[in-house]
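The values are calculated or read from the model by the stated rules, or taken from the named source; none is laboratory data. Here the structure is a predicted model, which is why all the values come from computation and not from measurement. Quick reminder, even Gly has a Cβ in these numbers, built from the backbone with ideal geometry, and neighbours come from all protein chains shown.
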Amino acid sequence: MGRPMLHFARFAASFVDVRNLLTTRRGLLHGASSFIVAHARERERPCWTSVCAVLLFLVAGCADENAYPNRPITLVCPWGIGGGTDQIARQMAIHLEQELGQPVNVINRTGGQGVNGHIRGLKADADGYTLAMITVELNMFHWNRLADLTYRDALPLISVNEDPAAIFVHAESPWHTLDDLAQHIRSSSDNKVRFSGTSAGGIWHLAAVGWLQTMGLPADAITWVASQGAGPALQDMLPNSVVCCSLPEARIPLREGRVRCLGVMADRRQPAPFDQVPTLKEQGYDWTLYGWRGFAFPQGTPEAAVRRMTEALVKVAQGQTRVAGETFPDFMQFAGFNLTVREGDAFGEFLAAQDEQLGRTIEEGQFSKVAQGAISPMLFPYILFGLLGCSLLGMLWKTFSEEEVEPKPLDQQSSPNQFYFMLVPGAVAAYAFLAPMAGFLMVTAAILLTLLYCYGTRLWLSAVIALLGAAVLYHTFAHGMRVSLPRGWYGW
Amino acid sequence: MIDVIQTALAETLTWKVCGVVLVTAAYGIFVGAIPGLTATMAVALLVPFTFFLDDVSAIAAIVSTVTCSIFAGDIPGALLRIPGTPASAAYALDSYAMTQRGESGKALGISLVFSVVGGLFGVLVLLLAAPQLARLDFKTYEYFWLCVLGLSCAALVSRESRSKGLFALALGLLISTIGLSPDHGVSRFDFGFSELYGGVKFIPAMIGLFGISEVLRNVLWLNRREVPALAVPPEPQPRGRIVRRWLVDPIRDVFGGVFGLLGKRMVHVMRSSAVGSFIGMLPGAGADLAAWISYAVSKRFAQRPEEYGTGSREGLADATTANNAALASAWIPSLVFGIPGDSVTAIALGVLLMKNIEPGPRIFSDPAQQPLVLAIVIAFVLANLVLLPIGFLAIRTGTLLVRVPRRVLMPIIVMFCVLGAYSIDGSTFDIWVMLAMGLLGFVLEGLGIPLGPVVLGIILGGELEHRFIQSLRTSQHWWDFFIRPMSMVLVASVVMLWCGPLLMRVARRVGRRPKGN
């Protein structure tokens, strides 16, 4: 008992002077080497207790509660990699990382027209380590009854970008002003004009409908053809179709002369190449719509974290930080995004005002019903259910009609082991439940140990593999791939 | 054109890409050589890593993994009579018989060299055929029918019965309808989980279907004696100096006479490669089917068909050529139409989409994307070249590779699956999705229902529905779906696919009656 305890103490001592051991790559090496050295000196086989001690220490991590922030921050982007929102999020992450001195990892939680990402970001633990990127769609979810999520769930920190929507037509289209187009929409009730630019019920669809409403036209005066983003819509444009989308996506087609812009939904004229385009207000339609992008914390985040993060965000947005010689405003300029900064309360008021504006448009025009279209959303699934039924019938018929069912080549020597089988779902479930509570390393090591041992590996070998496995996995994913692994009571 | 090639070369022949190819080649060999782990699983587990690589490296990683693991599947086939991947099943008997005769080195040498030759032929087909197909002009209706055709192929071409294929397909398509429909703005089948608004995410689903389900299958029979007796022939005692012992003799053992055989069977190699490439091009049909068909063709035209199954070099060579030839040409439909050729390219397509590369005819005409297509081709050439030395090493260490204990591997693979599913966007829900898909995959495999069509359904479902609804919305009459000439051709193909065997049976019966047999 005495000697193992000695190892234990020696090993523990070697950890004390290395702070945040597990967040450094050297830590693992250090721990392992001191363990090996200790044993080499005693010239004996590794024994149980010391293996356990190593295991515990390696997986427990060292929670070091210094000033905020003292560990990596996750930035949740609700849109896909490579898109405009993602570009801004990633650029901001690089600058924040420099300013805060902690890694800022961007994850793209996509899908559901942005619902998933917004929920993930805004309903996360309010500890200041999850920063949510929020976009204009935040104000649509609850009106469209997609999710019980409003701007009130967000603690708005800063908005960095505002770009108005605009209406584009093909270069060869017969319409030269908005009035031409409006005239055509009014007169053609049986052969409706086709609009495109985003999915049905998306923000640019709403923008177009808002414009129609200023003329007293219903939302179904046009046909909305869903597209996967504004890029493909502009690409596939026909001379008699219209695209409604935000300005940056249309910059290149406009410059190349492939499309014409009939009007921007802004309060004033926009910088080149849109400076020749009149606003909707100039043409007599009282309608503006801005797509914006900002950053927020979940409600209830500690005051200190909010203050520090806001300070950092403002500093980045004002161009006081440089990464590779470039400031954040430089990037925005280069990438064609309009840098408009609203801080804290100003951002909050803007959110409230826009929420009301969008709500009015959606409710008045029964927008969600129109977005659904005349074709039932269940049509396609019903066809599939039909196919599924047919195939089941076919399979049944085959089973009954063929008397000789080919026996599966079973191994006679042994029977299936249900216990082994159940361990796998058990392990996955255990990870999903426990990792967010007890931390990644501890849970992973415990699961690996259990599985290995139950499958018949010797216990000490299982322990070594579990230990090494957990550590290697941690380093591969957390450092190599910069995934924010679940963190628990004792750190990772 | 010259500068496109230059860009592609500059992007591909970097230290990073070459390093990635080398590492993934070793990984592919390892996974492929372990009986029970398939090439598809190797790629599915690789996906979370490709997420963090740049486009070209990601593609190179997938390409090199699959090339090497399809070859490595031959190693346990030859040594244990257990094919390492399904693609090696067609000729496992032959290579095992050769091993029993004491020719294991030769059997694997043939596998290796003919795999490389077949692989390079497939690359050539990809390079030449894809741009031609991309010239065809498709509109919404045609895309709809093309999707239907691709999915039908996938459902029908598998070796299981048609109703099972259809079942798998419908199931995959239904899974794809979960979540918010972009064409309606309505959420379907979300069972109250807001996480499902975005649909069942592709990567957790893939890792579940191919990773967890295989682990489950392996684990269920874990207490079976792990590795049957190795058929290792009495190797001659190594003699002579170090160079001779470690270099000259092994090389002679593996490659001796193989190139002679290659020269003699050039015509057969061409035929097998062509068969393999063609099968690979069909959506849904992959390397395993290519190997089976090429083996059958080879047997039919063989001089000594009775040798097939008992250690025929010819059969082995032809089939192993075909399965590697199918790999590259499987990329043709996914690049040209966005309809993957097999489950590996289905996963690769998902990776491309995630990186905002939208495959389609435009990928061949858009000067910004042309280098990418060439980069895929170069990656294939690189992978095949790397395969020669790495494959040689693998053959020499083959007995070690196939003996890695599964009881140690399985827990580690489970953790990789969990982390892979989690790491895409750090959500615990994805782990549950992966687990559910793993159990589903296990049950389906147990019932003999192929997994390929399920995957294709999940990936193509959104596109199919989008085109379907778009066509319905823009069409004035129902016959608009059929009247364009290209549509008619595609519809006819679909009808032929589904009803062809039935019509043939009827025709045979009618034809039989007068003869009176």
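Based on what the data block shows, is B:Arg403 closer than 17 Å to B:Ile34 by Cβ and in contact with a Phe, Trp or Tyr (Cβ under 7 Å, 6 or more places away or on another chain)? Answer is no for this residue.
Answer with yes or no whether B:Val404 is more than 10 Å from chain A (Cβ to nearest Cβ) and under 26 Å from B:Arg217 (Cβ atoms). Here the answer is yes, as B:Val404 does meet what is asked. No other residue among A:Phe347, A:Phe328 is within 16 Å of A:Gln91 (Cα to Cα), at pLDDT 90 or above and among the aromatic types (Phe, Trp, Tyr) apart from A:Phe328.
Just checking, does region A:285-292 include any residue being modelled with pLDDT of 90 or more, within 23 Å of the chain's Cα centre (by Cα) and crowded, with 16+ Cβ neighbours inside 10 Å? Within region A:285-292 (the criterion being modelled with pLDDT of 90 or more, within 23 Å of the chain's Cα centre (by Cα) and crowded, with 16+ Cβ neighbours inside 10 Å), the answer is yes, since at least one residue qualifies. Quick check on region B:160-172. Is at least one of its residues of a type outside the set (A, V, I, L, M) and under 22 Å from A:Ala226 (Cα atoms)? No, region B:160-172 contains no residue that is of a type outside the set (A, V, I, L, M) and under 22 Å from A:Ala226 (Cα atoms). Candidates are the residues of region A:238-266 that are part of a loop (DSSP other than H, G, I, E, B) and in contact (Cβ under 8 Å) with a residue 60 or more places away in the chain; the one that is surrounded by the fewest Cβ atoms within 10 Å (Cβ to Cβ) is A:Gly257. Restricted to region B:201-223, and to residues there that are within 18 Å of B:Gly426 (Cβ to Cβ) and facing chain A (nearest Cβ under 10 Å), the residue that is surrounded by the most Cβ atoms within 10 Å (Cβ to Cβ) is B:Gly208.
Residues in region A:209-240 that are more than 22 Å from A:Lys281 (Cβ to Cβ) and in contact with a strand residue (DSSP E or B) (Cβ under 6 Å, 6 or more places away or on another chain): A:Thr223, A:Trp224, A:Val225, A:Ser227, A:Ala230, A:Ala233, A:Leu234, A:Met237, A:Pro239. Does at least one position in region A:183-190 carry a residue that is farther than 20 Å from A:Thr361 by Cα, within 13 Å of chain B (Cβ to nearest Cβ) and not in a helix (DSSP H, G or I)? For region A:183-190, residues farther than 20 Å from A:Thr361 by Cα, within 13 Å of chain B (Cβ to nearest Cβ) and not in a helix (DSSP H, G or I): present.
Residues that are hydroxyl-bearing (Ser, Thr, Tyr) and surrounded by fewer than 22 Cβ atoms within 10 Å (Cβ to Cβ) within region B:309-341 comprise just one, B:Thr310.
Taking region B:407-450 as the range and being more than 9 Å from chain A (Cβ to nearest Cβ), more than 30 Å from A:Leu459 (Cα to Cα) and either buried (at least 22 other Cβ atoms within 10 Å of the Cβ) or of a type in the set (Val, Ile, Thr) (or both) as the test, the residues that pass are B:Asp430, B:Val433, B:Met437, B:Gly441, B:Val443, B:Pro450. On the basis of being more than 18 Å from the chain's Cα centre (by Cα) and within 25 Å of B:Met354 (Cβ to Cβ), does B:Ser69 make the cut? Considered against the rule, which asks whether it is more than 18 Å from the chain's Cα centre (by Cα) and within 25 Å of B:Met354 (Cβ to Cβ), B:Ser69 comes out as no. For the criterion of being farther than 16 Å from B:Ser64 by Cα and either among the aromatic types (Phe, Trp, Tyr) or out of contact with any Phe, Trp or Tyr (no Cβ under 9 Å at 6 or more places or on another chain) (or both), B:Phe416 passes. Test B:Arg396 against the criterion of being surrounded by fewer than 19 Cβ atoms within 10 Å (Cβ to Cβ), away from every other protein chain (no Cβ under 14 Å), in contact (Cβ under 8 Å) with a residue 40 or more places away in the chain and within 30 Å of A:Ala427 (Cα to Cα), and give yes or no. For B:Arg396, the condition - surrounded by fewer than 19 Cβ atoms within 10 Å (Cβ to Cβ), away from every other protein chain (no Cβ under 14 Å), in contact (Cβ under 8 Å) with a residue 40 or more places away in the chain and within 30 Å of A:Ala427 (Cα to Cα) - is not met.
Across region B:171-192, the qualifying residues are those that are at the interface with another protein chain (Cβ under 7 Å from one of its Cβ atoms) and β-branched (Val, Ile, Thr), and the one among them that is nearest to A:Val115 (Cα to Cα) is B:Val186. Among the residues of region A:208-237, those identified as surrounded by fewer than 19 Cβ atoms within 10 Å (Cβ to Cβ), within 14 Å of another protein chain (Cβ to nearest Cβ) and not in a helix (DSSP H, G or I) are A:Thr223, A:Gln228, A:Asp236. For region B:139-147, check the following and say yes or no: at least one residue is more than 14 Å from every other protein chain (Cβ to nearest Cβ) and out of contact with any helix residue (DSSP H, G or I) (no Cβ under 7 Å at 6 or more places or on another chain). So far as region B:139-147 goes, no, none of its residues is more than 14 Å from every other protein chain (Cβ to nearest Cβ) and out of contact with any helix residue (DSSP H, G or I) (no Cβ under 7 Å at 6 or more places or on another chain). Those helices (runs of 4 or more DSSP H) of region B:96-191 in which 1 or more residues are without any contact (Cβ under 8 Å) to a residue 12 or more places away in the chain and touching a Lys or Arg at 6+ places or on another chain (Cβ under 7 Å) occupy B:162-176.
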